[in-house]
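The structure under discussion appears below in the form of structure tokens.
The values are calculated or read from the model by the stated rules, or taken from the named source; none is laboratory data. Because the structure is a prediction, the values reported are computed rather than measured. FYI the Cβ positions are ideal-geometry reconstructions off the backbone, even for glycines, and counts take in every protein chain you see. Areas reflect the complete protein model, heavy atoms only, side chains present, ligands, DNA and RNA absent. Shrake-Rupley method; radii C 1.70, N 1.55, O 1.52, S 1.80 Å.
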Amino acid sequence: EPIDSSYLEGDTTKSFGFATFENTVVYRDYRIIFPRLRRSPPIPDPQPIQYIQFIIAELELPGVLISSDPFPTLSPAHFPSDYSTFFPSDPPTTVLSSVSPTVTPSPTVTPSAPPVSPSEPPTVSPNLSPTGSPSLFPTVSRENTPVASVIGPSTSLEAVGCNPNIALAPTRANRNLRDGRISDFQCSRNGAFPPKLILTQSSPSRVTGIRVYASTGDPSNDPVNYSIEGRVDSSSSWVEISSGDFDSAWMSDTVVPQRNTLTPNPDIDSTRTEGDTSKSFGYANFQNDEWYLDYRVTFKRNRFDNGDEEYSEFVISELELPGYQGVASVIGPSTTLTSDGCNTNLGPNRGDAYLRDGEISDFACPLAQGAFPPELMLTQGDLSRVTGIRVYANIGPPLEAFYFADPITYSIEGRLDSNDDWELISEGPFNEVWFNGMITGPPPARNTFGEPIDSSY
């Protein structure tokens, strides 16, 4: 049975350690090192401690797959080597760890394709996934996850230039902008024109379109022109992704789009490629290969406005930004693994294949001649951007020898090709509950052989 992994969370029915970190740089290859195991002295010392072997049931590198070239060439800033007090929060959440050091943002480029207002559904394809996975492995999804909208109720909204008192009214509240239902959001101006909607997220995404759903009231308050910008973090500059008019049917002044209603069913049922056809909405689709954390949306003109006329308010019942979120792991069965310092002649039950096969199946690295700590090199054809690491507990049995084989600290490096130097992405301990097992708390549970892993980014 294949692992049903997704973008936002590890499989909470399994036992695993994790770390999340900020990284805006893409790489093709990764090198993983586990400096310390659970058997090491219970002191958060970053120095490697000699061990005999480590055993894990699966390695996941959550992140996003990047199909576009040219790729960024900036290196991330090296993280402090003294990470003894850094822990991701417990239990796993969708929020990037607030204690992770910051890295240098990668450059971004405004897509060269002009914005369009097509009359057909979007045709942008998901990024290519590798082919030819060995048949003995389960199918592990290595395509970014298409979503109807990358924003939702958990997305933070700052409505710049909108009267905040309007947002307090339940029928016009800010939450109505992205709650997945027909519920009017009203922006009455009280500042500079045009107002700006700043949408802040906890994880990166790639937007390929924009949809506005008609309000339940006056059509003259419908926005008909948009601009959308993105940035990789709060310290970066905004970069235009697309701007222009919505589709021709929505733009019509002679046949005004019908109003949406709160009954019989206000819930919006849409996909990345199609809005909810039972509702009234305007849309635009565009080419965009860049991944951003935050978005800024501006509506520059309303229905029936002339030229540069400034409106006093706009009202919509939902904003959708269709696009893609990331993958549970950028590595999979087709990723080439080489190791330095591991004895890999262990037979079919502990071999290299089990490190990234999508199931609970032990990968063991007994020390051999070579590097210490041992190094795992993962080579792939895709460019990717990794924002976390997870190790799933081995299958046991629940004896000290197997607890002591758990890695409790990690280092991850990346490079673009074999001619480049390795660059540090992140290093540190796994989350506190995992790290402190057998020190201040019970040891993490053992997993069961053959179970599929249901995780997300």
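Values computed for the structure shown
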item	result
Selection count, region 405-416, where residues are open to solvent by less than 20 Å² (accessible area, probe 1.4 Å) and in a loop (DSSP other than H, G, I, E, B)	3
Residue satisfying condition, being open to solvent by less than 10 Å² (accessible area, probe 1.4 Å), on the phi < 0 side of the Ramachandran plot and of a type in the set (D, E, K, R), within set ASP222, ASP253	ASP222
Region 267-296, residues that are among the small types (Gly, Ala, Ser), part of a loop (DSSP other than H, G, I, E, B) and in contact (Cβ under 8 Å) with a residue 40 or more places away in the chain	SER270, GLY275, SER280
Complete set of residues in region 257-272 that are among the β-branched types (Val, Ile, Thr), farther than 15 Å from GLY217 by Cα and open to solvent by 50 Å² or more (accessible area, probe 1.4 Å)	THR271
Matching option when the condition is modelled with pLDDT of 90 or more, part of a strand (DSSP E or B) and under 12 Å from GLU427 (Cα atoms), among ILE32, ILE55	ILE32
Tally of residues being charged (D, E, K, R) and either in contact with a Ser or Thr (Cβ under 7 Å, 6 or more places away or on another chain) or buried (at least 18 other Cβ atoms within 10 Å of the Cβ) (or both) across region 417-446	3
Single unsatisfied condition, SER236 versus (1) of a type in the set (Gly, Ala, Ser); (2) at pLDDT 95 or above; (3) under 25 Å from VAL147 (Cβ atoms)	(2)
Within region 297-404, strands (runs of 3 or more DSSP E) holding 1 or more residues that are open to solvent by less than 30 Å² (accessible area, probe 1.4 Å) and free of Cβ contacts under 8 Å to residues at least 60 places away in the same chain	336-340
SER455 of a type in the set (Ser, Thr, Tyr) and either in contact with a His (Cβ under 9 Å, 6 or more places away or on another chain) or within 16 Å of PHE34 (Cα to Cα) (or both)	no
Members of region 417-435 that are assigned to a loop (DSSP other than H, G, I, E, B) and either free of Cβ contacts under 8 Å to residues at least 60 places away in the same chain or closer than 19 Å to PHE21 by Cβ (or both)	ASN419, ASP420, ASP421, TRP422, PHE430, ASN431
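Every residue, every condition in (1) in contact with a His (Cβ under 7 Å, 6 or more places away or on another chain); (2) modelled with pLDDT of 95 or more; (3) open to solvent by less than 10 Å² (accessible area, probe 1.4 Å); (4) among the β-branched types (Val, Ile, Thr), yes or no:
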residue	(1), (2), (3), (4)
LEU168	no, no, no, no
ARG175	no, no, no, no
ARG189	no, no, no, no
PHE193	no, no, no, no
LEU197	no, yes, yes, no
GLN201	no, no, no, no
THR208	no, yes, yes, yes
VAL212	no, yes, yes, yes
